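The values are calculated or read from the model by the stated rules, or taken from the named source; none is laboratory data. Computed from a prediction, not measured in an experiment: that's the story for all the values here. With ideal geometry, Cβ positions are generated from the backbone for all residues, glycine too; neighbour counts draw on all protein chains shown. Remember, those area values only see protein heavy atoms, side chains included, never the ligands or the DNA or RNA. Shrake-Rupley method; radii C 1.70, N 1.55, O 1.52, S 1.80 Å.
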Amino acid sequence: DVGGGVFWGNTITMGAGPVASYCIYTEQPNSIYSHNTCTHYGTRNDSPGIVVSSYASGTMLVGNLVRMLAGGSNGIDLGASSVLASQNTVVRTTAPAGHGLTGGAGRTAWKAHDNIVSGFAVGLSHENSPNYEDKNNSLLFNTIACADHVGVLRTCDASTMIRR
């Protein structure tokens with residue numbers, strides 16, 4: 001499949017189960033996921049709310065709401081290059097765990113703009129790689145505001161609002 005589709009305005013609820021589960025998982029390049037609501041009750045630590053696989057370069061996530069209500073998984077896991085995450089709200093309501101918005105190792109042209117991330121062990125994580133940008137994000141009540149993809153501290157962009 002060449003991708004390029006739009007997944008818009010859906011409400012998805014995921015519960016706990018014996019295998020990993022995701023509200024959204026995509027391998028489709030150049031697709032748009034916009035204004036979806038994900039409520040994730042999964043207790044596993046390998047079940048992010050939204051996953052963009054390494055095959056899905058050019059994907060955009062815009063205006064989604066991800067609520068992680070259990071487990072230690074990441075909120076949004078971006079494993080592809082040339083991905084834009086913008087105006088998403090990613091919230092964990094249990095003890096801080098996982099990464100709120102994270103990018104895969106070795107990915108390039110990854111952009112995170114104007115997102116709100118709250119309640120995670122790490123708010124925003126990605127390696128510094130070519131054409132990487134994080135601008136105007138609000139990182140609220142995360143244990144660590146910014147780190148690389150394995151949790152090593154790094155400096156957040158100066159435009160990022162941080163509240164611990």
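Summary of values
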read-out: Lys/Arg +1, Asp/Glu -1 at C-beta; the chain dipole; positive extreme among Pro18, Leu69, Cys38; value: Leu69
read-out: Coordinate range along principal axes, alpha carbons of the range 1-97, Å, largest first; value: 36, 24, 20
read-out: Asp134 long-range amide H proximity, modeled H, under 5 Å; value: Ala112
read-out: Rounded, prolate or oblate (a/c below 1.5 giving rounded, otherwise prolate when a/b exceeds b/c) for the range 1-45 by Cα gyration tensor; value: oblate
read-out: Rounded Å value of the spacing that divides the Cα centres of the range 1-45 and the range 64-109; value: 12 Å
read-out: Quarter of the Cα convex hull surface for the chain, i.e. its orientation-mean projected area (nm²); value: 8.2 nm²
read-out: Whether the range 89-164 is rounded, prolate or oblate, judged on the alpha carbon gyration tensor where a/c under 1.5 counts as rounded; value: prolate
read-out: Using θ = phi - 60° and Karplus 6.51 cos²θ - 1.76 cosθ + 1.60, couplings along the range 39-47 (whole Hz; Gly, Pro as x); value: 10, 10, 9, x, 9, 6, 9, 10, 10
read-out: Net charge contributed by nearby residues that have their C-beta within less than 12 Å of Ser118 (K/R +1, D/E -1); value: +4
read-out: Per residue solvent-accessible surface (Å²) - the chain, probe of 1.4 Å; value: 44 Å²
read-out: Residue among Ser81, His113, Asn137 farthest towards the positive dipole end of the chain, charges placed on Cβ; value: Asn137
